[in-house]
Amino acid sequence: MTGDVSTVHALDNLPPGVRVRLPGAAPPPRRKLSSPPAVGNGPNPRVTRIPDRVWRQMTGRTWHRGCPVGRAGLRLLTINFWDYSGYRKRGELVAAASVVHQMAAALADMYRARLPIRTMHRVDRFGWSRRLGGGDDYASMAAGNTSAFNCRDVVGRPGVRSPHSYGRSLDVNPWENPYRASHGWVPNRWWVGRSHPRVAWRSRGHRVVQIMARHGLRWTYGVRDAHHFDAVPRNGRLLRVPGCGDAVCH
């Protein structure tokens with residue numbers, strides 16, 4: 001009896017995209033979420049009305065009675081993105097019907113430019129926050145989660161409605177782009193004053209900020225709330241939220 005030797009094959013398990021190289025001292029997010037694989041080719045954005053299943057999950061978390069926009073005024077966006085490991089993933093968020101296509105176009109341009117997103121889940125996945133009177137944005141930021149609609153109070157300003165309550169604000173990669181709340185920087189202080197050519201922006205010259213601007217998404221507060229963008233509808237004006245004035249209203 002003689003033995004056979006199988007052919008040796010080299011396995012290339014490299015990601016199709018470019019991994020994000022972060023400084024060795026950079027802290028990891030306090031929460032880690034996995035995202036499903038991409039669907040179809042390219043960014044493949046899809047905008048729909050809010051399905052019954054999604055609305056049930058939103059109700060009592062990111063939407064509740066008294067919110068300034070209802071189900072009919074909201075849309076679900078699902079879209080492919082590049083994650084920090086260089087893999088294509090599928091994400092979803094809820095936004096106002098009047099601006100969801102602007103957000104979809106901006107995120108699609110980020111995909112084409114291979115500008116990564118850490119993760120993208122609806123905020124209702126993080127549960128209800130009594131502190132915020134809506135979806136738990138503290139937990140969402142701690143995961144570095146990109147999101148939009150969340151009917152809640154401004155972080156650090158109880159009783160003042162957040163612009164996210166209207167579905168016209170978009171938060172992108174919050175872990176590396178902190179927000180200056182009344183009680184300090186969230187979700188972390190390490191990234192304050194630090195930038196990254198792909199995932200952390202500290203000027204209007206950064207590629208992410210420029211892409212957002214091309215699609216009518218204003219970097220309203222600059223470095224005071226680096227991850228926050230406000231959409232100006234193509235046929236409208238920037239939303240003025242009662243109680244905000246010139247203050248940062250995340």
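Values quoted throughout were computed directly from the atomic coordinates according to the rules given, and no laboratory measurement underlies them. Computed from a predicted model, the values in this text were never measured in an experiment. Here the Cβ is made from the backbone with ideal geometry for all residues, glycine too, and neighbour counts use every protein chain on show.
What to note about this one:
- Relative contact order computed over region 46-97 (Cα-Cα under 8 Å; 6+ residues apart), in percent: 37 percent
- Other residues whose C-beta falls under 9 angstrom from the C-beta of Asp153 contribute a net charge of +4, scoring Lys and Arg +1 and Asp and Glu -1.
- Separation in nanometres of the label points that stand 7 Å from Cα toward Cβ, at Leu22 and Trp190: 0.6 nm
- Karplus-derived 3J(HN,Hα) values for region 152-168, using 6.51 cos²θ - 1.76 cosθ + 1.60 with θ = phi - 60°, are 7, 7, 4, 4, x, 9, x, x, 9, 6, 6, x, 5, 5, 9, x, 10 Hz; glycine and proline are entered as x.
- Between Leu14 and Arg65, the FRET efficiency estimated from the beta carbon spacing at R0 = 45 angstrom works out to 0.35.
- Rounded to the nearest 20 debye, the dipole magnitude of region 99-153 is 140 debye, with +1 charges on Lys and Arg beta carbons, -1 on Asp and Glu beta carbons, and the Cα centre as origin.
- Of the residues Trp63, Gly40, Ile50, the one whose Cα sits farthest towards the positive end of the charge dipole of region 34-81 is Trp63 (charges of +1 on Lys and Arg Cβ, -1 on Asp and Glu Cβ, taken about the Cα centre).
- Other residues with beta-carbon under 10 Å from the beta-carbon of Val54 carry, at +1 per Lys or Arg and -1 per Asp or Glu, a net charge of +2.
- Expected 222 nm ellipticity per residue - DSSP helices of 4 or more, -39500 (n - 2.57), all of the chain, to 500: -3500 deg cm²/dmol
- Each Cα pair under 8 Å and six or more residues apart adds its sequence gap; the mean of these over the residue count of region 46-177 is a relative contact order of 24 percent.
- Reciprocal mean inverse distance between Cα atoms of the chain - Kirkwood radius, Å: 18.6 Å
- Gain on full stretching of the segment that runs from Arg131 to Ser203 - 0.36 nm per residue minus C-alpha separation: 22.8 nm
- Antiparallel DSSP beta bridges within the chain, as percent of all bridges there, nearest 5: 95 percent
- Radius, Kirkwood style, for region 46-177 when every pair of distinct Cα atoms is counted (Å): 14.6 Å
- Projecting the Cα atoms of His215, Pro187, His227 onto the dipole axis of region 161-230, where Lys and Arg carry +1 and Asp and Glu carry -1 at the beta carbon, places His215 farthest toward the positive end.
- Student exercise, region 46-177 dipole from Lys, Arg, Asp, Glu Cβ charges, in Debye to nearest 20: 360 debye
- Part-to-part distance (alpha-carbon centres) for region 201-224 and region 104-160, which is given in Å: 17 Å
- Region 28-92 and region 168-192 have Cα centres lying 20 Å from one another.
- Taken about its Cα centre, the chain carries a charge dipole of roughly 540 debye when the Cβ of each Lys and Arg holds +1 and the Cβ of each Asp and Glu holds -1.
- Angle in degrees between helix 100-112 and the longest Cα principal axis of the chain, rounded to the nearest 10: 30 degrees
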